[in-house]
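Take a look at the structure below.
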Amino acid sequence: MKIKTRNMDVQTILFLVILGIAAGILSGLVGVGGGIIIVPGLVFILAFSQKMAQGTSLGILLLPIGILGVIQYYKQGYIDLKVVALISIGFLLGSYFGSKLALSLSQESLKKIFAIFLIMMAIKMLFFDGAPPSEKKENKLEVKGNP
């Protein structure tokens, strides 16, 4: 089994925690977060491959719902455990504050926020996404161990 880790500076650590907070707030506010915030953030900002971003996002959701998917991505070396831990911390905090905010809003306001967010993401995906990052960017990771 390959375990991949990233060398991280303070800026990267701060970004990952903020990404987790944003995903947590969105999750608490409208019930979504991982795939819509974390995966694009990892792909577009940190140049993760799509597989690495998806595996890492699943790692955050490890128990109970994503365990089988996490195992498969982990076996292939597509989960960065440091990134999973840091985003999870932010997600925990963000989901608390996002849910408090959501509970303070009306049903109609929440529906509108959710719809606007989904429309914005759909427009971005349809018209503004460039070519996916090459697999070469994925090779920036160090392999810490082999089976």
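Neighbour counting of Cβ atoms within 10 Å sorts the residues 78, 96, fewest neighbours leading, into 96, 78. For the pair residue 44 and residue 11, label points projected 7 Å from Cα toward Cβ lie 1.9 nm apart.
You can think of it this way: the chain between residue 51 and residue 85 has 10.4 nm of extra reach, that is 0.36 nm per residue less the Cα-Cα gap.
Every read-out reported here was derived from the displayed coordinates using simple, explicitly stated rules and does not represent laboratory data. None of the values given here were measured: they were computed from a predicted structure. Note that we place each Cβ from the backbone using ideal geometry, even for glycine, and neighbour counts take in every protein chain shown.
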